[in-house]
Amino acid sequence: MRCTFLFFAALVALTTASQRSYDGYQVMTIKTDDSQKLDMLFQWQEQGIDFWDNLNSIGRPMRVMIPPNLQTDFPAFLRDNEISHELTISNVESVLDQERKVQIESRARAMVNRRFAPRATADFSYYWQYSEINAYLRNLATEYPNLVTVEVAGESFEGREILVARISNSNFDGTKPKIFIDAGIHAREWIAPMAALNLIHELVEHSADNADFLACDWIIIPSVNPDGYQYTHNTDRFWRKTRSVNQGSTCRGVDGNRNYGYFWGQGSGVSTNPCSDTFLGRQPHSEREVQAVVNEMARDASGIRLYLSFHSYGDLLLFPWGYDRVYHDNHDQMDELANIVADAIRTTHGREYTFGNSAILLYPAPGASDDYAAGAHNINLAYTVELTGGGSRGFDLPPDQIVTVTQEIFTGLRAYAQYIASNF
């Protein structure tokens, strides 16, 4: 027991030493529904304020992380502009330290258990790393060849494979509607890949219990941005972008969800500053990670009836358009389906998901994947799914809440699938 304790203590110390420190950083919860104040808040992103929640115009609370050098000026701005605010996390590093300890302990236990499991196993007691995601997918393809195939959709900037799982009990023979899902374009949103992996786990390893899902064929990319994702595990927990090199700048990466080619760079909600978390890139589809999604979507576009992109967080079901505050021609049906899904989650689990047009509900953001799916490929049911966040306990919920969140959205996915199967 003492050896185990010393091993964990050493591992935690080593991991912490290699990570960027957020000692002295604070998180505040702010709230406003004034559009002019939202515009002013957006400008603070360029100065180093990190918006953990999406800016929104409906008065929902937004968590923002404040570096030590702005802890006088930013609260003063909030007071001067009468923007409601309160301190939520007094020192971010203390929260990260706890998250690392739980992650390391849970992962170590899972690795021990995995040594004695000859088959693919899905342990949702911790947030998986990139190598574990790919190993699990490849094991599934070996063990269930008649149900799932795993292919390489592309490679990341740093050369990591971006895998796609294609799930069908009819070999994609064209008789069923297709559902396309991606997750993890924003690196720090750890719950998003876990939700996609849980769906894959349920569809493949528990296919008999979820036969209604298999009335559709599924195309799922659970980790679109593996470079950024692994970087959040190894180096900087709050890294959001890809890890590509921006010529002429020391700042790396692009916001993949501002890099899609539909209304790219038009309007507000993006930045041309390579150091910004919402940097749109030098040109549309500049990112290899985005190219992987674009190419995979084009391959099956004619049969895709539903597109979903998993993010965190906010308990939101968002749909086009996001580039500006205008309705999509299919707004009524998208709204109807979102209501059905939100009702299923609320009735079963008590979780309240808000739904609506992205730009109207939140803030304009051109170059997003759901706009691209709807605009470039006429996929008339396209959604960004913002999963549950961590509240006062960090960006994402602690690992012991992964199962809760993934099962809640799984209920919503059942409602999505039943609707698609019944209407197409």
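If you filter the stretch 49-80 down to residues that are closer than 14 Å to Asp33 by Cβ and open to solvent by less than 10 Å² (accessible area, probe 1.4 Å), you find that the one that is modelled with the highest pLDDT is Met62.
Go through the residues of the stretch 230-242 one by one and say whether even a single one is of a type in the set (A, V, I, L, M, F, W, C), more than 15 Å from Ala187 (Cβ to Cβ) and in contact with an Asp or Glu (Cβ under 9 Å, 6 or more places away or on another chain). No, that holds for no residue.
Does any residue of the stretch 274-291 turn out to be in contact with a Leu (Cβ under 8 Å, 6 or more places away or on another chain) and part of a loop (DSSP other than H, G, I, E, B)? Lay out the reasoning, then the answer.
If we filter the stretch 274-291 for residues that are in contact with a Leu (Cβ under 8 Å, 6 or more places away or on another chain), which is where we start, we get none.
The answer is no; no qualifying residue exists.
The numbered conditions (1) assigned to a strand (DSSP E or B); (2) surrounded by fewer than 24 Cβ atoms within 10 Å (Cβ to Cβ) are all true for Ser309 except (2). With respect to (1) farther than 23 Å from Ser271 by Cβ; (2) touching a His at 6+ places or on another chain (Cβ under 9 Å), the lone exception for Ser125 is condition (2). Look through the stretch 145-165, keep the residues that are open to solvent by 20 Å² or more (accessible area, probe 1.4 Å) and without any contact (Cβ under 8 Å) to a residue 60 or more places away in the chain, and return whichever of them is nearest to Ala208 (Cα to Cα). Per the stated criteria, the residue is Asn146. Among the residues here, Thr142 does not qualify as surrounded by 14 or more Cβ atoms within 10 Å (Cβ to Cβ), over 20 Å from the mean Cα position of the chain (by Cα) and at pLDDT 95 or above. Within the stretch 105-130, the set of residues being buried (at least 18 other Cβ atoms within 10 Å of the Cβ), modelled with pLDDT of 90 or more and part of a helix (DSSP H, G or I) comprises Tyr130 only. Quick check: is even one residue across the stretch 268-275 of a type outside the set (D, E, K, R), at pLDDT 95 or above and open to solvent by less than 10 Å² (accessible area, probe 1.4 Å)? No, the stretch 268-275 has no match at all. Scan the stretch 397-423 for residues that are part of a loop (DSSP other than H, G, I, E, B) and over 19 Å from Leu317 (Cβ atoms) and the total you get is 1. Considering (1) within 24 Å of Ser223 (Cα to Cα); (2) touching a Leu at 6+ places or on another chain (Cβ under 8 Å); (3) surrounded by fewer than 22 Cβ atoms within 10 Å (Cβ to Cβ); (4) aliphatic (A, V, I, L, M), the lone condition that Ala301 does not fulfil carries the number (2). Return a yes/no flag: does the stretch 351-359 have any residue that is part of a helix (DSSP H, G or I), of a type outside the set (S, T, N, Q), modelled with pLDDT under 95 and open to solvent by less than 10 Å² (accessible area, probe 1.4 Å). Looking for residues that are part of a helix (DSSP H, G or I), of a type outside the set (S, T, N, Q), modelled with pLDDT under 95 and open to solvent by less than 10 Å² (accessible area, probe 1.4 Å), one finds at least one in the stretch 351-359, hence yes.
Considering every residue within the stretch 211-226, establish whether at least one is at pLDDT 95 or above, buried (at least 23 other Cβ atoms within 10 Å of the Cβ) and hydroxyl-bearing (Ser, Thr, Tyr). The answer is yes; a qualifying residue exists.
Just to check your reading of the model, which residue among Tyr383, Tyr363 is of a type in the set (Phe, Trp, Tyr), assigned to a loop (DSSP other than H, G, I, E, B) and either buried (at least 20 other Cβ atoms within 10 Å of the Cβ) or touching a residue at least 12 places away in the same chain (Cβ under 8 Å) (or both)? Talk me through it step by step, then tell me what you get.
On the way: Tyr383 fails: assigned to a loop (DSSP other than H, G, I, E, B).
Matching residue, one of Tyr383, Tyr363: Tyr363.
Evaluated against (1) farther than 22 Å from Asp236 by Cα; (2) among the aromatic types (Phe, Trp, Tyr); (3) at pLDDT below 90, Phe8 falls short on exactly one condition, (1). For the stretch 388-401, filtering for residues that are hydrophobic (A, V, I, L, M, F, W, C) and either out of contact with any Phe, Trp or Tyr (no Cβ under 7 Å at 6 or more places or on another chain) or modelled with pLDDT of 95 or more (or both) leaves 1.
The values are calculated or read from the model by the stated rules, or taken from the named source; none is laboratory data. Please read all numbers here as calculations on a predicted model, not as lab measurements. Because the Cβ atoms are built from the backbone with ideal geometry, glycine has one as well, and the counts that use them run over all protein chains shown. Note: areas computed on protein heavy atoms with side chains; ligands, DNA, RNA excluded. Shrake-Rupley method; radii C 1.70, N 1.55, O 1.52, S 1.80 Å.
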